[in-house]
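Enquirer: Below you will find the structure I want to go over with you.
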Amino acid sequence: MQFQQLQYFVAVAETRHFTRAAELVHVAQPSLSQQIKALERELGADLFLRARGNITLTDAGEALLPLARRILADADTARHEVQELAQLRRGRVRLGATPSLCTGLLPDVLRAFHDRYPGVRLLIEESGSHDLVRELARGALDLALVVLPLPAPAPALTTVELLREDLVVVSSPEVPAPGTAGPGGRVVHIADLEGERLVMFRHGYDLRELTVAACRSAGFEPDFAVEGGEMDAVLGFVRAGLGVAVVPRMVATRSGRGLRVTELARPGLHRIIALAHRSDVAPPRAARELQRMLVER
């Protein structure tokens, strides 16, 4: 049984005329008649009583008609749903990002995306790059904003570099400023952090690994006042004067109230932000549009 045959059958049932039905479905009348006969052979029953100038449904035709209409209606609904997805009227995007990017980069981009495509649901997962890579690989995410280099080789992922972001030191204005004053303003050398107590992120956080590696390269182990927090907690502990933290510039700018921001002396520290997706599966249309907006932002 073919979908097209059901269309022809419903057209004949509604017009009670083979020629008018053929015109309705834009097919030659002999072709329509042949398809109706093929459908009857498939079902093993006549669907119409054919008398000159009088076409009526048999009992089998009466039984099939509501079912055929339902099938055709379901097909129209499916076509409409797919078209809505294709045209970004509905759908979803599953986006992963590190917590610092959720705080710094994403709010403005997601607002612009939502304003343009209000029917698309945005599902956000906050985690470290290692966890996000794993979620991408198992198909739980469409896209992920990660920090390069990736924590482990990921040949099944495609990455596009978005930006290179400087890191800065944040501290409470109520405690002595870290670093040293210079002609261009106060700066913090990595070596200056040896005398500071750090508010440190949890294990698995890209910023933790980057900061600890920089301190060790400078010849010392960092001293943690508090450790184990997420971004909001770290900023809150710094505001309370518990210590200083190394954070992305975007985060410091957006969350600057109650924080002193001090530049790191050149060459400083930075991180590379990239957008990743699986190489073997094309992201859905809505995800591709969000990808475009992130790249072009």
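The values are calculated or read from the model by the stated rules, or taken from the named source; none is laboratory data. What you see is a predicted model; the values in this text were computed from it and never measured. Cβ atoms come from the backbone with ideal geometry, glycine included; neighbour counts cover every protein chain shown. Side chains are part of the model used for accessible areas, which takes the heavy atoms of the whole protein and leaves out ligands, DNA and RNA. Shrake-Rupley method; radii C 1.70, N 1.55, O 1.52, S 1.80 Å.
Enquirer: For the list (1) surrounded by 14 or more Cβ atoms within 10 Å (Cβ to Cβ); (2) among the hydrophobic types (A, V, I, L, M, F, W, C); (3) within 30 Å of residue 138 (Cβ to Cβ), I need the number of the one condition that residue 78 fails.
Expert: Checking residue 78 against (1) surrounded by 14 or more Cβ atoms within 10 Å (Cβ to Cβ); (2) among the hydrophobic types (A, V, I, L, M, F, W, C); (3) within 30 Å of residue 138 (Cβ to Cβ), the one that fails is (1).
Enquirer: Based on what the data block shows, is residue 249 farther than 22 Å from residue 131 by Cα, among the basic types (Lys, Arg) and touching a helix residue (DSSP H, G or I) at 6+ places or on another chain (Cβ under 9 Å)?
Expert: yes
Enquirer: Checking residue 137 against (1) under 29 Å from the mean Cα position of the chain (by Cα); (2) more than 30 Å from residue 276 (Cβ to Cβ), only one condition comes out false. Which one?
Expert: Failing condition for residue 137: (2).
Enquirer: Take residue 254 and tell me if it is touching a helix residue (DSSP H, G or I) at 6+ places or on another chain (Cβ under 8 Å) and either under 15 Å from residue 102 (Cα atoms) or at pLDDT 95 or above (or both).
Expert: yes
Enquirer: With the structure loaded, tell me whether residue 223 is among the acidic types (Asp, Glu) and open to solvent by less than 50 Å² (accessible area, probe 1.4 Å) or whether it fails that test.
Expert: no
Enquirer: Has segment 3-18 got at least one residue that is in a loop (DSSP other than H, G, I, E, B), at pLDDT 95 or above, open to solvent by less than 70 Å² (accessible area, probe 1.4 Å) and farther than 19 Å from residue 75 by Cβ?
Expert: Within segment 3-18, none of the residues are in a loop (DSSP other than H, G, I, E, B), at pLDDT 95 or above, open to solvent by less than 70 Å² (accessible area, probe 1.4 Å) and farther than 19 Å from residue 75 by Cβ.
Enquirer: Another question, if that's okay. Would segment 140-147 turn up any residue that is open to solvent by less than 70 Å² (accessible area, probe 1.4 Å) and of a type in the set (D, E, K, R)?
Expert: Yes, because at least one residue in segment 140-147 is open to solvent by less than 70 Å² (accessible area, probe 1.4 Å) and of a type in the set (D, E, K, R).
Enquirer: A further question on this structure: Which of the residues that make up segment 254-277 are out of contact with any Gly (no Cβ under 8 Å at 6 or more places or on another chain) and closer than 27 Å to residue 292 by Cα?
Expert: Listed by number, the residues that qualify are 255, 270, 271, 272, 273, 274, 275, 276, 277.
Enquirer: I'm trying to understand the selection: among the residues of segment 252-295, which are open to solvent by less than 60 Å² (accessible area, probe 1.4 Å), assigned to a loop (DSSP other than H, G, I, E, B) and more than 21 Å from residue 112 (Cβ to Cβ)?
Expert: Of everything in segment 252-295, those that are open to solvent by less than 60 Å² (accessible area, probe 1.4 Å), assigned to a loop (DSSP other than H, G, I, E, B) and more than 21 Å from residue 112 (Cβ to Cβ) turn out to be 256, 258, 259, 265, 268, 269.
Enquirer: In addition: Taking the conditions exactly as written (acidic (Asp, Glu), surrounded by 12 or more Cβ atoms within 10 Å (Cβ to Cβ) and under 20 Å from the mean Cα position of the chain (by Cα)), does residue 125 satisfy them or not?
Expert: The answer is yes for residue 125.
Enquirer: Another question about this same structure. Given the criteria touching a residue at least 40 places away in the same chain (Cβ under 8 Å), of a type in the set (Val, Ile, Thr) and either open to solvent by 20 Å² or more (accessible area, probe 1.4 Å) or farther than 19 Å from residue 204 by Cα (or both), does residue 98 qualify?
Expert: no
Enquirer: Select from segment 261-297 the residues that are within 18 Å of residue 149 (Cβ to Cβ) and out of contact with any strand residue (DSSP E or B) (no Cβ under 8 Å at 6 or more places or on another chain) and list them in ascending order.
Expert: The answer is 267, and nothing else.
Enquirer: Now a separate question. Considering only residues of segment 226-249 that are modelled with pLDDT under 95 and in contact with a Pro (Cβ under 7 Å, 6 or more places away or on another chain), which is least open to solvent (accessible area, probe 1.4 Å)?
Expert: Only one residue tops the list, namely 231.
Enquirer: Output the number of residues of segment 156-188 satisfying the condition of being in contact (Cβ under 8 Å) with a residue 60 or more places away in the chain, open to solvent by 10 Å² or more (accessible area, probe 1.4 Å), part of a loop (DSSP other than H, G, I, E, B) and at negative phi.
Expert: The total comes to 6.
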